[in-house]
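Step one of this worksheet: look at the structure below.
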């Protein structure tokens, strides 16, 4: 699937309506409707919508060796992240490192959530090989990635958090709230993995 920097992919472009996207690729794999839709394409598309149901961000997941995200002749997903960055830099694309990957000035970010082992690509890799596999690409206009970030909120079980909030936990460090769960719980993604925490107490 070819990445269109700053735009998305052919099936889903920043600025498209949800109705237009779903007329092309069908309904998301989950319901009810939310601000983020996961679509059963190969590779998987994860699309973030505004409150007016307009595409704001297009993410392309790893195709697990079948069909991968590509840009300018470079396979982006399903490869070691450092190899992807090196190859794109050799073609003249500039950018900077982020907390989970590398943001290219052209309008996309390659990233790893560190959920895959180096042995998946290199069977001879040692068990403690920390090479990251590029697990996805986020595509939006450059301004989307340059938005000022607010500082993380200190975690407290008494505070209330929402999806997308950055939190700072005394033990786990900085994380992102990925979901609100029943029973005053939130699912938070930390560098060490997901944690379920209490909130709103």
Unique residue being in a strand (DSSP E or B), outside the structural domain of residue 162 (by TED's automatic domain parsing), within 18 Å of the chain's Cα centre (by Cα) and farther than 19 Å from residue 6 by Cα when the list is 29, 38, 110, 55
38
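Given the criterion at pLDDT below 95, under 23 Å from residue 45 (Cα atoms) and surrounded by fewer than 16 Cβ atoms within 10 Å (Cβ to Cβ), identify the matching residue among 132, 117. Spell out how you get there, then give the answer.
On the way: 132 fails: surrounded by fewer than 16 Cβ atoms within 10 Å (Cβ to Cβ).
Just a single option satisfies the conditions, and that option is 117.
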Which residue pairs have Cβ atoms closer than 8 Å, lie 6 or more positions apart in sequence or on different chains, and pair a first residue in the range 66-93 that is in the same structural domain as residue 134 (by TED's automatic domain parsing) with a second residue that is in a helix (DSSP H, G or I)?
71/88; 72/88; 74/84; 74/87; 74/88; 75/84; 76/84; 80/118
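The values are calculated or read from the model by the stated rules, or taken from the named source; none is laboratory data. Since the structure is predicted, the reported quantities are computational estimates derived from the model, not experimental observations. Neighbour counts run over all protein chains shown; Cβ positions are idealised from the backbone, glycine included.
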